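Structure record follows, encoded as C-alpha cells.
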Amino acid sequence: MDNLNRRPRIGVYICHCGINIGSVVDVPGLVEYASRLPGVVVAREYTYMCSDPGQNLVKEDIKNEGLNRVIVASCSPRMHEPTFRKTLKEAGLNPYYLEMANIREQCSWVHPDKEQATHKARKLVEAAVVKAMLLEALEEKEVDVIPACLVIGAGIAGIQASLDIADAGFKVYLVEKTPSVGGRMAQLDKTFPTLDCSACILTPKMVDVANHPNIELMSYSQLESIEGYVGNFKATVRKKARFVNFNTCTGCGVCAENCRLAGRIPNEFDENIGMRGAIYLPFPQAVPAKYTIDPERCLQLTKGKCGKEGPACAAACGPGSIDFEQEDELVEIEIGTVIVATGYDVFDCTRKPEYGWEDIDNVMTGLEFERLVSASGPTGGHVILGRDKKGEGGYEPKKVAFIHCVGSRDKSVGNEYCSRVCCMYLAKQAHLVRDKLPDADIAVFYMDVRAFGKGFEEFYDRVRREGVRYIRGNPSEIYRTGEDHTVVIKVEDTLTGTPMEYEADLVVLGVGLEPRRDVREIIDLFKLSQSTDGFFMEAHPKLRPVDTASDGVYLAGCCQGPKDIPDTVAQAKGAASSALILMAYGKVKVEALVSVVSPDECRGCGFCMEVCPFGAIELVDQNRMGNIVQVAQVNEALCKGCGSCAAACLSGAIQPRSFKDEQILPQIAVLGVRI
Amino acid sequence: MVDESKLREKAAEVLAREDVRRLIGWKRGTYGFEAAPCVIKDASEAEALIFDPTCVQNPASFITLEEKKPVPRGQEADTRKIAVMVKGCDSRAIVQQLVEKAYDRDHVIVLGIPCLGVIDRRKAAALFGDVASQVSAKVDAEKVAVDVGGDVKTVDRKDILMDKCLRCRYPNPLVYDELLADEVEKWAGDEFADVGEFEGQSPEEKWAFWEEQFSKCIRCYSCRNVCPMCYCVECVVTKLQPQWTRRATDISENTVYHIQRAWHLAGRCIECMECQRVCPVDIPIMTLNRKLTRDVKEMFEYEPGVDVEAQPLLASYNPQDPEDFIM
C-alpha cells in the first residue's frame, strides 16, 4: 500500500558499462535529461553500476534521499536485474520497486548513430520513469523442498548423478526404460583415448546404484506423468511387467536357454546384430540381473500358447519365478528435483540411402561395430562378418573403411551440428581393427579431424602411426559389386583433387548423435524446450548449462547435446550439485512476478491454460453470486511470469504482475511520441 | 423444407420437459423481411414458432448473453437446459462456443434445421422497397418465393439470399440433438474470391475505402453485441482501466475498434454475418473477418466452429506453423 500513500521518489542510475554504452550514448546528457523528469529526485552516472561502488551509490541514495523507486539504465534485465533487486533489498526497499532500462543490448550495441542512440536512450529512461510510478511491491514466497530426486535414464549420466545425490544423503528414484541400467556406455567396447574397457569402469557403478541404500532403482519403468512445481513434484512411474518375479529370479538363465525362440530375436542391446530369446537378459553384466519376457515376441503372451507342453521357460525355472499374469504397476512418488538424463539415439542411416546401410550387410554403424568388437558381443569380440544364424562360418575383413560425419555436419539430413565424439571413436575403432587384424588395410575418410580433448591429438597421432590411412574426402556413394563381399566407396580425395574408388569388405559409418526419437514424451511431461538441433535447451548456454527453464529440472548428458563420457560425467555431477543445492537448503523461493487472474472478468475459455508453457493455470469453479462458473487460477509456484496467458486472453482478465496493461500502456505512450 | 407443425410439436415437447428452462427460436416479425427471434418458456407458446428464409438471426448469440442473476441465499441457481433452434451456420457458433468452454454440451438442447438460405434484407429492399406488411418466404434449390402481404413473387436466389448462403458449405447443422427436417444437399464451395478481389487493390485504395467506412461508424457496438463469439464478461473495448480505445467516434478510435474486433475474432469467426447484417450504417464488416478467415485457413489449415473436439486456434501450437513473419 505504500505506493499509494507515498509519492514516488525516483532515483535514476545510468551506467557507462565501460565504453559499451558510454562510447555511443551521451551519458552526461542523459543524466541531465533524466534529472528533470517528473518524480526523479536524483540522477547519477557511473562507469560500472553493477560494481560494488556502483551499487553503494544506490544504497546511499535510498538512505539519504529517501528514494522509493530505483531505475537502473544499463544492460538487459536478464543480466543484472537480480543484482540490483538485491541492492534494493539490502537497502531495505522492496526489490520489485526496481525498473531497468536496457540501453545496452537494445540501444548502444545496435545503433551506430550516436545522436539517435542517445535519443532512444532518453525515451527508454523516460518510459522506465513512467512505469516506475506504477510499480507495486511484491512479496517473494518460500516453499519447502522434498528431499528426493527423480533421475530419468540410467546411462552413465543418470548413474553418476544418482550416486552423487545418494552419497550426499538424499533419496534418489532412478527410472530406466530398458530392463538394465548402463545405457549407451554399456554398449561400448573401449573408450577413447585411454582405451579403458568401458564395461570394466561402468559395471562397478551399475552395481553401486542397485545396492545403494538411498537409491530406489526402477528399471524397465517409464515416467507416466508428473505434476507440481519446483520442490514439490508428484510423479507416477509405470513399472512395466517383466512377467518374471523380480524377488525370486536368481538370474541363472536356464529360462533363456529353454525358450523356444532362443537365438531367434534380434537383441536391441547388440544393435540387432546379436540374437536373444523371448525371455532374456540384455547383456551378461546387466543390472539388475533379472530376466525379462518380451511381451511383443513371447509366444505364450502373444498367442496364448507355447508349444504342446506349455512354456518351457516356466517349466525350467527352479524358483518358479515366471508369472504370465503379471501386470504393469503404477507407483506414485514425491520428489523435489528432477534430473533428465535420457541420452541419445545414433543417426538413422536410412536417411542417407546413398551409403547403403540398409541393404549391404558389411556396411555398419559405429555402434554396431562396438558390439561386434565387444568381448560380450555376439562374436565374442572377434571381427568376423557374415556368420550364419547358428554363429558359424563367416570371414575376417581384409580392407576396412571408416567414414566420418555420417548424419553430422550435414544440412541435407537436417543436422548442422558436430557430434563431437565420432572423430575419436572412429580413431579408436581403427586402432582396435589394427589390434585385432594386424594385416588389414585401414582407411578413414574424413572432412576434418577434430581432436580437441585431453589426449585426443596424441591418440589420433598414434593411430596414424599405426598405419591407418586418413584420406580427406566425403564419400558420395557406397555400393556393392558382384558376388563377393566387396563394397566400393566412391570418393574424391580433396587434398589431391583425384576421384577414387576404394574397395573394402567392411565399412563403418561414423554415425552422429541425435536426440532420442521419443524425445517428445519427455518434452510434453516437463514442458522443456529444444534448441534448433533438437536437443534439450539449457537455461543459459554459458552460465546455466545444466538448468532448464522449468525450475528444479536439470539436464545431464547427451540429452542436452552430444558429449563424450568425461563431459557427460562432469555434467551429471553438475546437475547433481544443482539439485543438491535446493535439497540441502530445503527451501526454494518462488517467482513473485507471476500472473494474476481477475476472476470477475474471466470468462473461463481456458485459452491461457492451453498456452501456458509451464502448466501453471487450471480452471476452477467460482461462485459468482450463487452461480457456479469456471475461471482460471494461477499456481504461483509454477508460474514464471512469461506473459503468454496475457497475450492469449481476449478480455485482459489475466495479467503478469509488473507487466500489467495499465503499467505498459503509459510506457508505450511515452515511446510512441514523435521526435 | 421443414414442416412447421412438426417444428412446433417438437418445441412443445421439449419445453414440456422438467429439465428445460426455455427455448430460443424464431417468430414472424411485425413487418419486413426478417423474422423476430423469440424466447419461449411455455409449451403453449410454441404455436408462434416458424421457420422460413426470413429466419436470418443467429439464435446461438443468446445462449451466452443469458444474464446470470444473483441467487438469493438459500436458493439454488437454475441450471436447467436451454433449447435452441439452429440453422447450419448458427450451429457453427455453438460448436465454437463449446470449443471455448462457454458452457457444457449438456447445458443446451440443439434442434437442428437444415437450411437452403435466408433473405438479406438489404437485397430485398432493393427489389421490393420498404415493406410495412409481414413477409413470409419459401426457398428451394433454384428460386425464392417471397410472399409480401399475400402477393407472391419468385426471385432468383442470388438476388435475395445472404452472400453467406450463396457460398454456404454447412447447410446442415454440425451439432444437434435432433434434426427437425431431412438433411439438404450442399450446393456451393468457398474460394474466397471476394477476399482476393479486395486484396488486389492498392494500399491507398484500400485505406481510402476503410477510412470512409470507419468514419461512418457510430460505435453503437451492435456488431459486437450480436456476435455469438463476443461474450466476455467485460469487453476490452469498454474497459476504462486501462483504456485501450477512447469513446470518441473519430476515425482513429473507430479504426482501432474495428481492427481490435476483427483481431479478437481471428480463428474464431464462424461467418454467420450477423455483425454486418445489424450494422445501422452499412459497414461491410465481414470484409475484414473474411480476410482473417481465409488467412487462418490457408496458413494454419484451421477452420473454427466445425469440430467440437478441436483446440482453439490461438490457444494451440504446432511446430510446423508458418513463421514467415519472423525475419
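The values are calculated or read from the model by the stated rules, or taken from the named source; none is laboratory data. None of the values given here were measured: they were computed from a predicted structure. Reconstructed Cβ throughout: ideal geometry from the backbone, glycine too, with neighbour counts over all protein chains shown.
In the set A:Gly336, A:Gly356, only one residue is at positive phi and touching a residue at least 24 places away in the same chain (Cβ under 8 Å); that residue is A:Gly356.
Of all residues in segment B:122-135, those being surrounded by fewer than 19 Cβ atoms within 10 Å (Cβ to Cβ) and either within 14 Å of chain A (Cβ to nearest Cβ) or in contact with a strand residue (DSSP E or B) (Cβ under 9 Å, 6 or more places away or on another chain) (or both) number 9.
Answer yes or no as to whether A:Val172 is farther than 17 Å from A:Gln571 by Cα, hydrophobic (A, V, I, L, M, F, W, C), assigned to a strand (DSSP E or B) and outside the structural domain of A:Asn20 (by TED's automatic domain parsing). Against the criterion (farther than 17 Å from A:Gln571 by Cα, hydrophobic (A, V, I, L, M, F, W, C), assigned to a strand (DSSP E or B) and outside the structural domain of A:Asn20 (by TED's automatic domain parsing)), A:Val172 qualifies.
Residues of segment B:7-26 that are among the basic types (Lys, Arg) and within 12 Å of B:Glu47 (Cβ to Cβ): B:Arg8 alone.
The rows are residues; the columns are (1) in contact (Cβ under 8 Å) with a residue 24 or more places away in the chain; (2) surrounded by fewer than 19 Cβ atoms within 10 Å (Cβ to Cβ); (3) part of a strand (DSSP E or B).
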| residue | (1), (2), (3) |
| --- | --- |
| A:Ile226 | yes, no, yes |
| A:Cys249 | yes, no, no |
| A:Cys252 | yes, yes, no |
| A:Ala286 | yes, no, no |
| A:Ala289 | yes, yes, no |
| A:Leu301 | yes, yes, no |
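For segment B:162-200, a residue qualifies if it is surrounded by 14 or more Cβ atoms within 10 Å (Cβ to Cβ), part of a helix (DSSP H, G or I) and not basic (Lys, Arg), and the qualifying residues are B:Asp163, B:Cys165, B:Leu166, B:Asp194, B:Val195, B:Phe198. Listed conditions (1) within 24 Å of B:Ile270 (Cα to Cα); (2) surrounded by fewer than 16 Cβ atoms within 10 Å (Cβ to Cβ) are all met by B:Tyr103, apart from (2).
Results for (1) of a type in the set (Val, Ile, Thr); (2) touching a Lys or Arg at 6+ places or on another chain (Cβ under 6 Å), shown as yes or no for each residue.
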position	(1), (2)
A:Tyr33	no, yes
A:Glu45	no, no
A:Cys50	no, no
A:Asn56	no, no
A:Leu67	no, yes
A:Val70	yes, no
A:Ser76	no, no
A:Pro82	no, no
A:Lys89	no, no
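For A:Pro613, the conditions (1) touching a Cys at 6+ places or on another chain (Cβ under 8 Å); (2) surrounded by 23 or more Cβ atoms within 10 Å (Cβ to Cβ) all hold with the exception of (2). Being touching a Lys or Arg at 6+ places or on another chain (Cβ under 6 Å) and within 14 Å of another protein chain (Cβ to nearest Cβ) is the requirement here; does B:Arg73 meet it? No: the conditions fail for B:Arg73.
Restricting attention to segment B:230-257, the residues that are in a loop (DSSP other than H, G, I, E, B), away from chain A (no Cβ under 11 Å) and touching a Lys or Arg at 6+ places or on another chain (Cβ under 7 Å) total 1.
Scanning segment A:303-322 for residues being surrounded by fewer than 17 Cβ atoms within 10 Å (Cβ to Cβ) and either free of Cβ contacts under 8 Å to residues at least 12 places away in the same chain or not in a helix (DSSP H, G or I) (or both) gives a total of 10.
If you check B:Cys275, B:Cys269, B:Cys279 for being under 17 Å from the mean Cα position of the chain (by Cα), surrounded by fewer than 22 Cβ atoms within 10 Å (Cβ to Cβ) and not assigned by TED's automatic domain parsing to the domain that holds B:Leu161, only one passes: B:Cys279. Scanning segment A:379-403 for residues that are within 13 Å of A:Val507 (Cβ to Cβ) and assigned to a strand (DSSP E or B) yields a count of 6.
Filtered by the rule that a residue be of a type in the set (A, V, I, L, M) and within 21 Å of the chain's Cα centre (by Cα), segment B:300-327 gives B:Val306, B:Val308, B:Ala310, B:Leu313, B:Leu314. Restricted to segment B:1-110, the set of strands (runs of 3 or more DSSP E) holding at least 1 residues that are under 30 Å from A:Asp600 (Cβ atoms), hydrophobic (A, V, I, L, M, F, W, C) and under 16 Å from the mean Cα position of the chain (by Cα) comprises B:20-27, B:81-86.
Of all residue pairs spaced 6 or more apart or on separate chains, none has beta-carbon atoms under 9 Å together with a first member in segment A:469-486 that is closer than 19 Å to A:Ile442 by Cβ and modelled with pLDDT of 95 or more and a second member that is surrounded by fewer than 16 Cβ atoms within 10 Å (Cβ to Cβ) and small (Gly, Ala, Ser).
Among the residues of segment B:262-281, the one identified as more than 20 Å from B:Asp90 (Cα to Cα) and either at pLDDT below 95 or of a type in the set (Lys, Arg) (or both) is B:Trp263. Return the total of residues in segment A:542-559 being within 12 Å of the chain's Cα centre (by Cα), of a type in the set (Gly, Ala, Ser) and in a loop (DSSP other than H, G, I, E, B). Number of matching residues: 3. Counting only residues that are more than 30 Å from B:Leu98 (Cβ to Cβ) and exposed (fewer than 15 other Cβ atoms within 10 Å of the Cβ), segment B:217-241 holds 3 of them.
Only one of the listed residues (A:Val31, A:Val58, A:Val70) is in contact with an Asp or Glu (Cβ under 6 Å, 6 or more places away or on another chain) and either free of Cβ contacts under 8 Å to residues at least 12 places away in the same chain or not polar (S, T, N, Q) (or both). That residue is A:Val31.
If you scan segment A:370-389, which residues turn out to be in contact with a helix residue (DSSP H, G or I) (Cβ under 7 Å, 6 or more places away or on another chain) and under 20 Å from A:Arg264 (Cα atoms)?
Result: A:Arg371, A:Ser376, A:Gly377, A:Pro378, A:Thr379.
Scan segment B:186-204 and give yes if some residue there is over 16 Å from B:Leu292 (Cα atoms), aliphatic (A, V, I, L, M) and under 21 Å from the mean Cα position of the chain (by Cα), otherwise no.
Yes, segment B:186-204 contains at least one residue that is over 16 Å from B:Leu292 (Cα atoms), aliphatic (A, V, I, L, M) and under 21 Å from the mean Cα position of the chain (by Cα).
Here B:Met299 meets each of (1) away from chain A (no Cβ under 14 Å); (2) part of a helix (DSSP H, G or I); (3) among the hydrophobic types (A, V, I, L, M, F, W, C); (4) surrounded by 19 or more Cβ atoms within 10 Å (Cβ to Cβ) with one exception, condition (4).
The strands (runs of 3 or more DSSP E) found entirely in segment A:560-675 that carry 2 or more residues being out of contact with any Pro (no Cβ under 7 Å at 6 or more places or on another chain) and either more than 14 Å from chain B (Cβ to nearest Cβ) or without any contact (Cβ under 8 Å) to a residue 12 or more places away in the chain (or both) are A:587-590, A:617-624, A:627-634. Between A:Glu99, A:Glu32, the distinction of being buried (at least 20 other Cβ atoms within 10 Å of the Cβ) and of a type outside the set (Gly, Ala, Ser) belongs to A:Glu99 only.
If only residues of segment B:306-317 that are more than 14 Å from chain A (Cβ to nearest Cβ) and not acidic (Asp, Glu) are counted, the one that is surrounded by the most Cβ atoms within 10 Å (Cβ to Cβ) is B:Val306.
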